[in-house]
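Notes follow the structure.
The values are calculated or read from the model by the stated rules, or taken from the named source; none is laboratory data. These numbers come from a predicted model, not from an experiment. Reconstructed Cβ throughout: ideal geometry from the backbone, glycine too, with neighbour counts over all protein chains shown. Accessible surface is based on the protein model in full, side chains and every heavy atom, while ligands, DNA and RNA are left aside. Shrake-Rupley method; radii C 1.70, N 1.55, O 1.52, S 1.80 Å.
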Amino acid sequence: MSGLSTGWRTAGRGLALLALVFGAVAARAAPTAADCRALEPVPWQAVAPGVWVWLPPGAGDVSAANAGHVVPTSVVLGGREAMVIDPGPSQRHGLRLRRSIECRFKARVRWIVNTHAHSENVLANSAFADLVADGRVDIFATAATREGMAQRCPDCLASLTQRVGEAAMAGTHIVLPNRTLAEGDGLRVGAFDLRVMRVEQGHTEGDLVLWNPHHRLLWAGGLVYQGRVPELAQGRVDDWLAALTRLDALKPKQVLSTVWSKGRQGVPPPALAATRDYLQSLRERILQAMDEGAQPQEIERVNLPAFQHWEGYSARHGFNVQRAWRELEPVWMDRATPAK
Ligand SMILES: [Zn+2]
């Protein structure tokens, strides 16, 4: 087991002591039956024994209608303790999550994982700020994600508020991770083991990949999409394609990323191939446009009709073209230079 797992157990003993000290406070904080009846139920779906997911209301991009809930929030249960992976976009979302885990699963959130520094994944840390402050919850992320959040979250909070409205984001403030994860670390929730795999740089500067080999269950940060145009803002096409090759090699049965994708009868989760198809098509079409003498601003020459029905195509595809164009110029130059 890794050093982190040792640290984890040490932290666990500290938390047990804290639980004694704060027992009276915690008991008062527990939801009553009336609290639970008043709660809008979360439509949890079972992923594996002890693992549940709360999916977004539709496949849409961020909007006032979905209040920024566009990626799955998942929970891993170990007895009365819970780990949340990507708590969601806002204080409101996070409070509903926290209360639902208490009411539905009779468990308390002890650990949160932020897979990468995007607002829709991490801003619901806000709902756990009191528990982080008194040591009852730890928030884990890679060093790159923590850095990315520190740099971008003030802007991304403002941007998300603009898109979904003040009411949906009321009370949301930035809470940064307080624990760091790196490749080779291990996490354990009850009997459920999670391995921290290589941190991938395709979608952001550091997407955390978590792997449970027993159930062949993969958390892939923001690296896997389907039905919604991938966001390349902090990423690189060739690094992302290489990351997908490594994810494929794990032969997962299920992937939790921007979608929940399930394989069937030896066929891998289809979102892995869907994401590769978009990125590969983007890459090939840009190199072809360069061969034809096109300029980067001629975005219409890199249309991808097969993906025009994906959410976010009009808002994001053009930006992805420009981002990928800059990345691929040296690739094209190398290719165009005759061998000596
Ligand atoms: Zn993302």
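Out of 127, 144, which single residue is of a type in the set (A, V, I, L, M, F, W, C) and either away from the ligand (no atom under 15 Å from the Cβ) or surrounded by 24 or more Cβ atoms within 10 Å (Cβ to Cβ) (or both)? Walk me through it before giving the result.
Values: 144 fails: either away from the ligand (no atom under 15 Å from the Cβ) or surrounded by 24 or more Cβ atoms within 10 Å (Cβ to Cβ) (or both).
The match here is 127.
Within segment 55-89, the set of residues being open to solvent by less than 10 Å² (accessible area, probe 1.4 Å), away from the ligand (no atom under 16 Å from the Cβ), in contact (Cβ under 8 Å) with a residue 40 or more places away in the chain and not small (Gly, Ala, Ser) comprises 76, 83. In this structure, residue 198 does not qualify as of a type in the set (D, E, K, R) and either within 16 Å of the ligand (Cβ to nearest atom) or within 25 Å of residue 127 (Cα to Cα) (or both).
Residue check: residue 318 meets all listed conditions (1) in contact with a helix residue (DSSP H, G or I) (Cβ under 9 Å, 6 or more places away or on another chain); (2) of a type outside the set (Lys, Arg); (3) touching a residue at least 24 places away in the same chain (Cβ under 8 Å); (4) within 21 Å of residue 118 (Cβ to Cβ) but one, namely (3).
If you go through segment 292-304 one residue at a time, do you hit one that is in a helix (DSSP H, G or I) and open to solvent by less than 60 Å² (accessible area, probe 1.4 Å)?
Initially, segment 292-304 is screened for residues in a helix (DSSP H, G or I), giving 299-302.
The next check asks that each one be open to solvent by less than 60 Å² (accessible area, probe 1.4 Å); those that pass are 299, 302.
Yes, the conditions are met somewhere in segment 292-304.
For segment 159-194, give me each residue that is in a helix (DSSP H, G or I) and free of Cβ contacts under 8 Å to residues at least 40 places away in the same chain.
161, 162
Inspection of segment 232-247 identifies at least one residue that is more than 14 Å from the ligand (Cβ to nearest atom) and of a type in the set (S, T, N, Q). Does residue 209 fit the bill of being away from the ligand (no atom under 13 Å from the Cβ) and closer than 15 Å to residue 252 by Cβ? Against the criterion (away from the ligand (no atom under 13 Å from the Cβ) and closer than 15 Å to residue 252 by Cβ), residue 209 qualifies.
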